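Structure record follows, encoded as C-alpha cells.
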Amino acid sequence: MAVGPSAFMGVAAVLFSLGLYGVLTRKNAVMVLMSLELMTVAACLNMVTVSRFVTPAEMTGQVFAVFAMAVFAAQIGIGLALVLAVYRQTGSIELSSKKAT
Amino acid sequence: MSETVSGPVFAILAFACIGGAIGMLSARNTIHAALWLSEVMLAVAGLYLLLSAEYLAVVQVLIYASAMSVVVLFIIMLTLREREGPVRMADFSIGGGILAGLTGVILYMALADRGDRISAMPVEPSGTAALGELLFGRWTLPLEVAALILLVSLVAAVWWSREVDS
Amino acid sequence: MLSGYWHFTPEVLVVCGAFAALFGGYLPGKDRGAAYAAAGAAALAAAIVAFGGTGGPIVFGQLEPDSVARYARTGLAGLTAVWVLWVAGRGMPGERRREGVALALFATAGGMLLSMAEDLIVMFVTLELATMPAYVLMGYRRKDVSGLKRALDYFVDSILASVIVLYGLSFLYGISGSTAFSGLELEGSGMLGFVAVMLTLVGLFAKVSAAPLRHWTLDANAKAAPVSLAFVSTVPRVAGIVVMSRLILAIAASAPAIGILVGVAAAASMIAGNCAALSQGDLRRLLICSGIAHLGYLMMALAAGTETGYGAAVFYAVAYAVPSMGVMLVVAEEGVAIGDFARLASRRPWVAWSMVLWLLSLIGIPPLAGFFGKLYLIGAALQAELMALVLLAILATLLSAAYYFRIVREMFFGDEDEQVGGAIEPSHAATVALALCAVATVAIGIGAPRLIAALGVRFG
Amino acid sequence: MNALLSSALHASAALVLVLLNGVVLVFMLRRMIGRMHLRRGGLHAGPGGVIQTAADVLKLLSKEGTRPGGVNRWVYAIAPMAVFVPSLVAYAALPFSETLRITRLDTGLLFTFAVLSVVPLGVIAGSLASASNRALIGAMRVVARQLACSVPLLLSVLPVVMITGTLDLGDIVNYQTGLWSGAFPRWFAIPLLPSLAIFTTAALCGLDRTVFDIHGIEPGPESGLAGEYSAMRFGLLCISEFGNVFVISALAVTVFFGGWTLPFVPLDLQSSIGPVVFLIKTYTLVFLFLWTRSVLPRVRTDQLMDLGWKWLIPLSIVWIMLVGLVVKASLPGTVV
C-alpha cells in the first residue's frame, strides 16, 4: 500500500477541521487553546509532509515547522497566563464572546 | 527510514491522531481532553518519524506532548472549581460545526483535486545535523526573531501572572 | 555571506530601546526615563531609515530593503516614537510604562522587519512578533476585568487567524516548492491553489481587520484603553498591510483571479466600515469602524494587482495611520464619548485645530496626506478599470465626512453644560507628540508627489 | 523477521534491566542510607536483608489493588503507566557499549530528555484523578520543581553538543576516547566542569523527589502522586523513580565521563568490558546522588524554584555563550 503525501495532508486536514470545530464551539478557554494547538499541529504536519515530498534536500518545511512550533508554544503560553489572570479576577475561564446556553 | 512509508504503521498513527482528536472534542472533562490532546501529539510525532523528520518528532514530544500538556494541566488544576471541570459548548455549536465541516470538505476536495501529482517518496533527506546547519546558517534571521518572540511571551506571561499590588 | 548587515541598524536600535525600557528601573528617572530612552531610540531609528540608503535583497533574499520598505519602516519607527513620547508624558493608565513601551518597541522591530520580508518563513515569524505584543497592550491593565476578558477574546481570534495563515502558507509553499515571494508559482495548481490563497488571505484580512472578519476587532478592541488602541490600530496594522500588499502582488503574478477576491473584500470593508461608523457614539468604536473603511479604500488599489496599486496602498497605509494616531491620542486625553469633546476649541484651541487637520486628512481634503493617498488609490484602481470600486469609494468618502464632521461640530459648537472632566494637566512630551503628528500629516501631503515617485508608482 | 526478533529481545532486556535495577537500587538505598544514618536498613528477609526488596516486590504484586472512592477511573489507571513507560523508553538510546544498545538514534541525547519530560504529565494526571487535595498539592510541587530543573538540565548539555556537533550519544562517547596531553582522559567533565556542575545540581533537584522517601512512610502533600496509590501501581511509580535516577546518571556518564570507555586501557579490551565499565561508572554516580540526598538537608520548594529559574538557567545561558565564543574562536567556520 503506497502512502503518498495526500494521505499525510489528509490527516492534517482532518485535524485542522476538528481543531477549528473546537475553537468555534467551546466556551471553556482552556479547551479553545487546546483546539488551537490541534490546528497548529495540523499546519506543522502539512509543512513537514511537503518538506519530505517536495523539497527533501532543503528541508525548508522542517525549518518552517520548527519556527511555527516555537512561535505557537510561546503564544499558547501567553494565552494560559491570560486565562489565569482572567480567572483571578472573575473566577471563570469562559470566553465572554460566546454566550451561555 | 525506508523509501516507502509503511502502510499499516501509517494507518495506526493516522487512526490514533484522528481518534485522539475526536476523543478530545467529545470528552466531557477537561482533564480527559488534555490527555487526549497529548496522545494526538505523540501520534503526530510518530508521523514525523515516518516523514524522516526525527528532530521534529523529538521536539514535538518535548514541547507539545509534555511541556505544553503539563502547563495546560497546571492551568486546569489552578482553575478547577469542582474536581471535574466540565466542558461546555457554546450555543452556536451548530454554526461552528457547519463551518468546520465545510472547511474539511473543501480541503478534501482540494487534496483530491491535487491527486498524487507528487507521490513518489524522494531519497532520504539529510539528517539532524544538516537541519541544524540550516537553522543557524540560512535561517538565522527568523531564528533571532523567534528568540525575540519568546522574550515577548516571557514578559507578557510575567506581566499577567504576577500578583497585582493593590 | 550576509552582506549589508548595516541595513539592520534601525531594527537593532529599536530592540536596544526595548531592552533599555525593560530595564528602566535602573535608568535615571525610572519609568519616565525608560520611556524617553525608548522614544529616542525609535526616533533615531526612523531618522536612520529615512536618510539611509536602499538596497537589493539581503540575507539570502529573505529581506529586501527597497524604497517601499524604507518608506514603511520610517513610518513605523516614527509612529512608535510619537506614541512612546506621548506615553512618556502621560503614562499608561493605571500601570507603569516600562513593559508597555518595551513591548511596543518589540512590535515595531517586528513590523519593520515584516515590511521588508520577501519570504514566507520570515514573514510569518515577523508577523507574529509584530502582532503578539498587541494582546498584552490590549489587556495591559491587570485589574480591569472586562479589559482582560476582551484581551482574551482578541487573543483567541488573533491566534486563530495566525493558524489559518500558517496553514495557508504551508499549502502555498507546497504548491510552489519554495518559500520566497519571488518563487511563488500558482499556475495550474487548481483547487489547491485556490484553497491556499483563500486561507492565507482570510487569515491576513483578519489580522489587519478587513471586512468579512471585522466584528472580531470591533468587539474585542472597543473596551480597550485608548492609548493601547492608538498603538495597536496603527503600527502592527500598517506593517501587516504592507506585507499583505507585497504578498498579494507576488501572488497576483501567477493567479490574476486574486484581484476579484481582494476587490470583493475591499467593497465589503468600505460598506460595512462606513455604515457601522455612522451610528457610533463611542469614539473608539467610531475610529475602529472608520479604520475598516480606510482599509477598504486601500484594498481597492490592491485589487488592481499592479506595482502602482501596491505603491499607492503602502503610501496610504502610513498616510492614514499618522492622523489616526493623532486622533486616538487626543481621545486618550479627552475621553471616549463624543460628548467629552464639547467645546474643545475654547479649552484647547491648538489641539482642536490639530484634530480638525487630522479629520480633514482622514476625509481626504487637499493638501493633506489623506487627499493624495486617496488620489493615488483611485488612480491605481482606474488604471485597472475598476470603475465600480472607484464609485463606491467616492460615495463612501462622502458618507464618511458625515461622521467625521460630527466630531468637529462637537468641538466647536458643542453643548457647554455637557462638558465635565477637569482641565488636563499640561505635558510637554505629549504636546510635542501631538504636534509631530500634525506636522507629519501636512508634510506627507506636501511631499506626496516626491514620495509616491520614490515608491515606484507610475501613472500613464 | 530477524530484526523484529532482535528488537523484541532488546526491549525485553531493557524491561528486565529496569525492574532489576529498581530492586537493586532500593536495596542499595536502604543499606547505604541506613549506614549513613547510623541505623541498619531492612534486615528481616534473608541473610542481612538481602532479599528484603524482593520480598517487597512480591508483596506489592500479590496485594490487592485498591482504588479510593471518587477517583477518575480511567486517568487513575493510566497515570502510573504514563509515569512508568517513559522511564522504560528512556533506556532506548543509552549506549552501554559500542554495540550494545537498544537503538541508535540520530537525536539520542534529545530523545532521552524528551521521553523523560513526559513523566510529569503522568504525575499531574494521576494526582488530578486521585480525588485528594493532598495528592494534588504534592504533585503540583513535584512537577513545578521538575519543570524548574529540567530546563537547566537540558541547557547544561548543550556545550557538549556544540563541541561535538552531534546529538548521537554514541558519537559523543567516541569523541571522548583518548587522552589530553597524555595524562588526562578526554572527558568533557574536565573542560566543561561548569556544565557538569549545573547538570548535577539540576539533576539533584529534579530527582530528589520525596517519592524516594515513600519507603520511610512519609505521607502528606510531599508524597505527591503516590499518596493515593497502592499495590503494583505504587510499585510502578517507585520503579520509575529509580529508573530515572539510573537514566540521568547514565546520561551524565555518557556525556561527561566518557561512557563505556576507559583511559589507559587498550581498545580491544575496552570493547569487551565496555558494559561493565559503563555500569560501574553509572552506579558510582547513583551512589553519589543518593549520598548527597541522605546527608544534606532538604530545601524548601520555593528555594528550589529560585535556584532553578533564577540561578541555574541564567548561569547555563552565560556558560553556553562563553563556550560558543571559544568554539567559534578556536576553529572559525567549522564545527570542532
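The values are calculated or read from the model by the stated rules, or taken from the named source; none is laboratory data. Note that the coordinates shown come from a computational prediction; the quantities given were computed from them, not determined experimentally. Note that we place each Cβ from the backbone using ideal geometry, even for glycine, and neighbour counts take in every protein chain shown.
Annotation note: of D:54, D:8, the sole residue that is under 26 Å from the mean Cα position of the chain (by Cα) and in contact (Cβ under 8 Å) with a residue 12 or more places away in the chain is D:54. Being assigned to a helix (DSSP H, G or I) and more than 9 Å from chain A (Cβ to nearest Cβ) is the requirement here; does residue C:151 meet it? So residue C:151 fails the test. Would you say residue C:414 is more than 27 Å from the chain's Cα centre (by Cα) and modelled with pLDDT under 85? Considered against the rule, which asks whether it is more than 27 Å from the chain's Cα centre (by Cα) and modelled with pLDDT under 85, residue C:414 comes out as yes.
Screening C:407, C:365, C:394 for residues that are in a loop (DSSP other than H, G, I, E, B) and under 21 Å from residue C:295 (Cβ atoms) leaves exactly one candidate, C:365. Within the stretch A:11-18, identify whether any single residue is more than 22 Å from residue C:153 (Cβ to Cβ), more than 8 Å from chain B (Cβ to nearest Cβ) and assigned to a loop (DSSP other than H, G, I, E, B), and answer yes or no. So far as the stretch A:11-18 goes, no, none of its residues is more than 22 Å from residue C:153 (Cβ to Cβ), more than 8 Å from chain B (Cβ to nearest Cβ) and assigned to a loop (DSSP other than H, G, I, E, B).
Determine whether the stretch A:86-95 contains at least one residue that is more than 7 Å from chain B (Cβ to nearest Cβ), closer than 21 Å to residue C:131 by Cβ and modelled with pLDDT under 85. Yes, the stretch A:86-95 contains a residue that is more than 7 Å from chain B (Cβ to nearest Cβ), closer than 21 Å to residue C:131 by Cβ and modelled with pLDDT under 85. Would you confirm whether any residue within the stretch C:57-75 is under 20 Å from the mean Cα position of the chain (by Cα) and under 20 Å from residue C:102 (Cβ atoms)? So far as the stretch C:57-75 goes, yes, one or more of its residues are under 20 Å from the mean Cα position of the chain (by Cα) and under 20 Å from residue C:102 (Cβ atoms).
Pairs meeting the criteria (first residue in the stretch C:371-392 and farther than 16 Å from residue C:456 by Cα, second residue β-branched (Val, Ile, Thr) and outside any helix (DSSP H, G or I), beta carbons under 6 Å, at least 6 apart or on different chains) are C:371/C:365.
Residues in the stretch C:185-212 that are surrounded by fewer than 21 Cβ atoms within 10 Å (Cβ to Cβ) and within 26 Å of residue B:138 (Cβ to Cβ): C:185 only. For the stretch B:28-43, a residue qualifies if it is more than 17 Å from residue A:26 (Cα to Cα) and more than 7 Å from every other protein chain (Cβ to nearest Cβ), and the qualifying residues are B:39, B:42, B:43. Within the option set C:94, C:56, being free of Cβ contacts under 8 Å to residues at least 24 places away in the same chain, out of contact with any helix residue (DSSP H, G or I) (no Cβ under 6 Å at 6 or more places or on another chain), over 21 Å from residue C:436 (Cβ atoms) and in a loop (DSSP other than H, G, I, E, B) holds for one residue only, C:56. Of the helices (runs of 4 or more DSSP H) lying entirely inside the stretch B:67-166, those containing at least 1 residues that are at pLDDT below 75, in contact with a Phe, Trp or Tyr (Cβ under 9 Å, 6 or more places away or on another chain) and of a type outside the set (Asp, Glu) span B:93-114.
Restricting attention to the stretch A:19-57, the residues being more than 24 Å from residue B:31 (Cα to Cα), more than 7 Å from chain B (Cβ to nearest Cβ) and modelled with pLDDT under 90 number 3. Of all the numbered requirements in (1) part of a helix (DSSP H, G or I); (2) more than 11 Å from every other protein chain (Cβ to nearest Cβ); (3) surrounded by fewer than 24 Cβ atoms within 10 Å (Cβ to Cβ), residue D:90 misses one, and that requirement is (3). Tell me yes or no: at least one residue of the stretch C:66-80 is in a loop (DSSP other than H, G, I, E, B) and within 14 Å of another protein chain (Cβ to nearest Cβ). No, there is no match, as no residue in the stretch C:66-80 is in a loop (DSSP other than H, G, I, E, B) and within 14 Å of another protein chain (Cβ to nearest Cβ).
So that you can scan it fast, the table gives a plain yes or no per residue for (1) surrounded by 24 or more Cβ atoms within 10 Å (Cβ to Cβ); (2) out of contact with any strand residue (DSSP E or B) (no Cβ under 7 Å at 6 or more places or on another chain); (3) of a type outside the set (Val, Ile, Thr):
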| site | (1), (2), (3) |
| --- | --- |
| C:234 | yes, yes, no |
| C:241 | yes, yes, no |
| C:244 | yes, yes, yes |
| C:254 | no, yes, yes |
| C:267 | no, yes, yes |
